[in-house]
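In what follows, a single structure is set out as structure tokens and then discussed.
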Amino acid sequence: MASHFVKEMVQRKLPTKEHSMGKALSSDQEREITSRFITQVQWSQLDGDNTQKKVIELSPAEFGRRFTLFLQNGCNPTITAPGTLPIDRSRPFNPAKFIGGGWTIWKGPEDGDGLTGKEEQDERSLAITEINLANLIIQTGLREGETRVTGEAKQARLMLTAIQADAKIAQMLYEEEGQTTLRWMYKHLDVSWIEFLGTTLRDPRGSRIALCLYRRDGGLWSNGARYLNEQRYATSPALGFAK
């Protein structure tokens, strides 16, 4: 199992979109939407502090992603979501059982070998006992003008902005009956590949690894992994939660 996992980690390409788009918006349609946004939003009903925190402080990429989804949903503010998904914290994530022999959670930085010291996990995520879709944050870690960033830099950046989902959450999403939550994320959040930076894994060769889930043809999701020293692009977001 482990050798297959490593092979897939090294050779796999990111999945392509399985759904096609219709005819692109015309310039006139774009101008019409922009005009309505400026003139018809009821600005006086918005709270300044709340809007600053929840909207203005979003990164350009995240704001664009959310507003695009809002338009795709017909400007309907309500999206029906499945119920919360419980996280069984009585059984900590076991890399050797989930992935294969020789896999562990990275420990350090006492001696830098990834074998000793404290496990490298986002303790805020370890305290989460259920997944509430209302608190999900999908982030790429890219800054304005960037097209790529290393996994290590992405992890460091995103740890400062949101709680980073740990590997146990990935396991629960993957093992959920019918993978209902993952299917909903694909349909409504346009997510077909997601990584979990709240846990740093160590593979049998001593490399630093991030666990990921990705959608296969037919709709089923599989697990995989990416080296943290590899590049990440806009198509490889991470799952997080609002602080």
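The values are calculated or read from the model by the stated rules, or taken from the named source; none is laboratory data. This is a predicted model, so every value here is computed, not measured. A quick note on method: Cβ atoms are made from the backbone with ideal geometry, for glycine too, and the neighbour counts reach across all protein chains shown. With ligands, DNA and RNA removed, areas are computed over all heavy atoms of the protein, side chains included. Shrake-Rupley method; radii C 1.70, N 1.55, O 1.52, S 1.80 Å.
Laid out as a table, the results:
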read-out: Pairs of alpha carbons in region 88-128 whose separation is greater than 14 Å (percent); value: 57
read-out: Square roots of 5 times each gyration tensor eigenvalue, C-alpha, region 161-243, largest first, Å; value: 21, 15, 13
read-out: Volume in Å³ per residue [convex hull over Cα atoms, computed for the chain]; value: 152
read-out: Dipole in debye (nearest 20) - the chain, about Cα centre, beta carbon charges: Lys, Arg +1; Asp, Glu -1; value: 400
read-out: Surface per residue (accessible, 1.4 Å probe) for the chain, Å²; value: 59
read-out: Of all DSSP beta bridges in the chain, antiparallel share, percent nearest 5; value: 95
read-out: Gained length - S90 relative to T235, 0.36 nm times residue gap less alpha-carbon distance; value: 48.9 nm
read-out: Nearest-ten-degree value, helix 151-161 long axis tilted from longest Cα axis of the chain; value: 60
read-out: Stretch gain in nm, segment V41-L115, where the contour uses 0.36 nm per residue and the Cα spacing is subtracted; value: 21.1 nm
read-out: Förster-model FRET efficiency, 41 Å R0, T34 and L133, C-beta, rounded to 0.05; value: 0.90
read-out: For T104, distant residues with modelled amide H under 5 Å away; value: R202
read-out: Heavy-atom accessible surface of the chain: percent carbon and sulfur, 1.4 Å; value: 53
read-out: Listed residue (I137, A167, G108) projecting farthest to the positive dipole end of region 98-243, Cβ model; value: I137
read-out: Top of W106, W43, W184 by mean-square fluctuation, Gaussian network on the chain, Cα under 10 Å; value: W43
read-out: Karplus-derived 3J(HN,Hα), 6.51/-1.76/1.60, for each residue of region 164-178, Hz, glycine and proline x; value: 8, 4, 8, 5, 5, 5, 4, 4, 5, 5, 5, 8, 4, 4, x
